[in-house]
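Asker: Below: one structure in structure tokens.
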Amino acid sequence: MKISIHSLTFFVFLFVSNFCNGQEKVRVIENPDYEVTTSGITYIQRIETTPEETRVTIHSKFIPGWWVNFTKDIYLRDAATDKKYMIKEVIDAKFDEKLWTPDSGEQFNELIFEPLPASTQTIDYVDASNTIFGVSLTKSSSETTKEVPSDVMNWIQDEIAQSDPALKRFDSDNFFNRKMARIVGYIKGYDPRLGFETGMIYIGNELTREEYPTVVEIAPDGRFEAEIPLIHPVETYMVINEKGFTYYLEPGTTLGLILDWGDFLLADRYRNRRYEFENIEYQGPLAKMNRELNAFSPLRPDYREEFQKWVGTLAPLDFQSKIFNLYTQNEDKLNIFLSENSISKKAKDFHRANIKLIASTYMFNYIHRRDYLKRKDTTHAILQLEVPDSYYESMQTLLPVNQTAALATNQYSTLINRLEYTNVFSKVEHDSQLSRFREPERTILEYFEEEGIALEEKYKNFLKPNDKKSKLDSLERIKLAKEFNEKYKTESQAYFKKYVEAPPEDKAQVVLDKWKQKDSLLVHFFGVEKDLASDIIKVRSLKFFFDFWGKETSELVWASLKENIGNPFLKAEGQRIYEQTYPQVSDNEMIVDADIPTAETFKENTLILPEGKGTTAFRNITDPFKDKILFIDFWATWCGPCIGTIERMKETRKKYKDNPNFEFIFITDESSTSPKYEDFIKEQELENVYRVDQSTYQRFRDLFSFNGIPQYIVLDKAGNVVDADFQMHAFDLELPKILGKYK
């Protein structure tokens, strides 16, 4: 057959044309550029699109021995149209299969998706809570350095220019100083699509146990700021998107922080440990101090792998040796660091105090943890060994608790807590509790006769001394006791106060004697002389005990106690707590808010909520329940005490279901995850349940000043916050008082 030259040319043209058209339908992009990602584990190495499918090669960077998986819910989203293109297959693996990370920490998996339109230029890769936004189908990624915009840097510089100067030394007369501090900063690589718009600073007054959690508001352009109430220099913690870092701050100062989103991604990847942020830039008068503190990291045993194992396997003195060895290692490491780096005396004092507090805190934590384990396992030989006095006495060189440099570390709050509740004080506490009571001059039955209170015969019989009681079985006694306590609660309290409870002057002397004994034990066992630490321990207890003791006893105790507190600032803090508990008002003055209708409130002091995003979100939840008292429970599924209280209150909630006077409201955040969250709500038959986003929940923490949960607050029928720290365990006792305000 003859083929003309024209025909041959035509076929060659057709072949080349079809080949080129086919090539145009296949797009391949290596290491595609992207705008921002929420994951420090998942990266896209390659995308290949054809008319039939889209192939995506995932490069996972994770902890060796940990696993990743791919679910049927993964999809690609066209950034221009928002249309989803679902996953179809995982090559060489099944959906939900655990794919274990090799020793290299890296693995590659190929995913098949529905085909993308040829017009698609940019996609989002969406895998449950993780998203890679703005993945380019036309451009490969390139290493670029993210700079702080000039207008943002100018703002930071303007803010820190207004800062007070930093303290020159920790023994300054201005160490204690009640003044607001400021944080201003910027997150390189931040994008509102990351899903958070706040951070959180968990701060408090360690001298009085008051909590001041502070929200860090993050603007859409990545800048952030917060005002933090401080009373002395402190190393504290900021959490953004569940990842945190420490920084150092002083009252009156402004600290500039430049953060890098890359650090947050690395913290996400290395989730088996506390990741130390490496790329923080500091600005302002405290920049040098922060760099000096951040440059040295003490050694610490892994809590799960080492510390918990040591508690169950090492005798007290063997553990002591282990910790002293840790301290020696840290001391040697610090000395090498100091020989190689020129840092301020203030930073040196901080580091030296810190490594001592780390060691002594572990020694206290050992006792605390083994006491807990011993209650669970009474046959464990190691746990049954007594802790000798020498164990405590050996800590004397590791307790710089009277140094202000130690108070500036974030380790101090834990250490002082362990010290104030040390087992060494247990006998003193026990004896002081017994001394609160006296041998009654009259029995309760005689008191009722004295007061002319008529009693049914069954109660008279029940109240007779043990040797005169009729043979009642235990169940009948329990039943009668409950009936009697409910019916004669007021009368019983009056008897207790008149004949059993010690008079205020006696109780006050017991308290003062207790503190003298504790001061003596601190010196004998721990070598802690009566100074800053012993005064802090006293002042930390006042908030609770002023309520517990009552006004007369509190007045007597505080009048004597404050004369023996050497630090003027601590003395002033104690006086402030006393006046908060027992406000001084004139005879013709009442503590009321004139704007609040008295018929609608049941407590004089109400919390006035400031205008802002937190208050608006809170009112959106509570306003539909106006004209009812609200008991609001801040909780989470991972919080044991939260769960326990909700479970214990189940029958109470059933009892008062559809009550016209009050409602229970439950507020949690996204950390209460499915399906546990839904299952628990169903099991407990919870109503009025709200799960808010992380930023909203953090604003609630700031609004009501709580670092931990559960936290309970009460609103009156007008919607006013009348108790921001309600004790839910006392619900049955308090409810009649609360409802009685509306009769």
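The numbers here are math on the coordinates, done by the rules we state, and not lab data. Predicted model, so just to flag it, every value in this text is computed and none were measured. In this analysis, Cβ positions are derived from the backbone assuming ideal geometry, glycine residues included, and neighbour counts consider all displayed protein chains.
Asker: Among G204, F224, Q157, whose Cα projects farthest towards the positive end of the dipole of the stretch 150-294, with charges put on the beta-carbon of Lys, Arg (+1) and Asp, Glu (-1)?
Answerer: So the residue furthest toward the plus end is G204.
Asker: Still on this structure: Roughly how big is the stretch 175-265's charge dipole about its Cα centre, with Cβ charges of +1 (Lys, Arg) and -1 (Asp, Glu), in debye to the nearest 20?
Answerer: It works out to roughly 140 debye.
Asker: Okay, next question. Quote the charge dipole size of the stretch 244-300 about the Cα centre in Debye, to the nearest 20; the model charges only the Cβ of Lys and Arg (+1) and of Asp and Glu (-1).
Answerer: In debye, rounded to 20, the stretch 244-300 gives about 260.
Asker: If one takes the longest principal axis of the Cα atoms in the chain, at what angle in degrees, from 0 to 90 and to the nearest 10, does the Cα axis of helix 5-25 lie?
Answerer: Long axis of 5-25 versus the principal axis of the chain: about 10 degrees.
Asker: Enter the per residue convex hull volume of the stretch 303-421, computed from alpha-carbon coordinates, in Å³ rounded to the nearest integer.
Answerer: 109
Asker: Test of understanding: what is the full-extension gain from D531 to E386, defined as 0.36 nm times their sequence separation minus their Cα-Cα distance?
Answerer: Result: 49.2 nm gained on full extension.
Asker: Hey, another quick one. So what J values fall out for the stretch 617-627 if you push phi through Karplus, 6.51 cos²θ - 1.76 cosθ + 1.60 with θ = phi - 60°, rounded to Hz, Gly and Pro as x?
Answerer: Once rounded to whole Hz, the list reads 5, 5, 5, 4, 7, 8, 4, x, 10, 3, 6.
Asker: Helix 694-704: angle to the longest alpha-carbon principal axis of the chain, degrees 0 to 90, nearest 10?
Answerer: Relative to the chain, helix 694-704 is tipped by roughly 20 degrees.
Asker: Under a cut-off of 22 Å between alpha-carbon atoms, report the lysines in cross-link reach of K83, not counting same-chain residues fewer than 8 places apart.
Answerer: Filter leaves K25, K72, K139.
Asker: Search the structure for amide H atoms under 5 Å from the amide H of I709, placed 1.01 Å from N in the peptide plane, and list their residues when 5 or more places away or on another chain.
Answerer: none
Asker: Which Cα, out of T397, T379, N410, lies furthest along the positive dipole direction of the stretch 303-421 (beta carbon charges, K/R +1, D/E -1)?
Answerer: It is N410.
Asker: Could you point to the label whose value was computed as Kirkwood radius over Cα pairs in Å for the structure here, given (1) 33.0; (2) 28.9; (3) 31.3?
Answerer: (3)
Asker: Then there is this: What is the projected area of the convex hull of the Cα atoms of the stretch 598-740, averaged over all directions, in nm²?
Answerer: Seen from a random direction, the Cα hull of the stretch 598-740 projects 8.2 nm² on average.
Asker: I've got another one for you. Among all the lysines, which ones have a C-alpha under 29 Å from K288's C-alpha, if same-chain residues fewer than 8 places away are not counted?
Answerer: Partners within reach: K146, K168, K179, K188, K243, K333, K345, K346, K348, K356.
Asker: Next question. Rank the residues Y372, Y656 as a footprinting-exposure proxy: fewest other Cβ atoms within 10 Å of their Cβ go first.
Answerer: Y372, Y656
Asker: Please list the non-local residues whose amide H lies under 5 Å from the amide H of D127, H modeled 1.01 Å from N, same-chain partners needing a gap of 5 or more.
Answerer: I132
Asker: How charged is the neighbourhood of P316? Take every other residue with its Cβ under 9 Å from the Cβ of P316, and add Lys/Arg as +1 and Asp/Glu as -1.
Answerer: That sum, taken over residues with Cβ under 9 Å, equals -1.
Asker: Farthest toward the dipole's positive end in the chain, which of A267, P583, Q684, given Cβ charges of +1 (Lys, Arg) and -1 (Asp, Glu) about the Cα centre?
Answerer: The residue sitting farthest along the positive end of the dipole is Q684.
Asker: Could you tell me the center-to-center distance, by alpha carbons, between the stretch 389-420 and the stretch 269-340 in angstrom?
Answerer: Going from one Cα centre to the other spans 16 Å.
Asker: In debye to the nearest 20, how big a dipole does the chain give about its Cα centre with +1 on each Lys and Arg Cβ and -1 on each Asp and Glu Cβ? Numbers along the way, then the final one.
Answerer: Numbers: 96 positive and 119 negative charges, 272 e Å.
So the magnitude is around 1300 debye.
Asker: Suppose the chain between H729 and E457 were pulled fully straight at 0.36 nm per residue; how much longer would it get relative to their current alpha carbon spacing?
Answerer: That works out to 94.6 nm of additional length.
Asker: Further, regarding this structure: Each residue of the stretch 280-294 in order: what ³J(HN,Hα) in whole Hz does its phi give by Karplus 6.51 cos²θ - 1.76 cosθ + 1.60, θ = phi - 60°, with x for Gly and Pro?
Answerer: Each residue's phi maps through the Karplus curve to give 6, 10, 10, 9, x, x, 9, 4, 5, 4, 5, 5, 5, 6, 6 Hz.
Asker: A follow-up question, please. On C-alpha positions alone, give me the angle between the axis of helix 345-376 and the longest principal axis of the chain, in degrees, nearest 10.
Answerer: 70
Asker: Convert each backbone phi in the stretch 671-680 into a coupling constant with the Karplus relation 6.51 cos²θ - 1.76 cosθ + 1.60 (shift: θ = phi - 60°), then list the ³J(HN,Hα) values in order as whole Hz, x for Gly and Pro.
Answerer: 6, 7, 8, 6, x, 4, 4, 5, 5, 5
Asker: Follow-up question, since we're still on this one. Would you grab the residues whose amide H sits under 5 Å from the one on N205? Only those 5+ places off in sequence or on another chain, please, with H modelled 1.01 Å from N.
Answerer: Counting only residues 5 or more places away or on other chains, the set is E210, E211, Y212.
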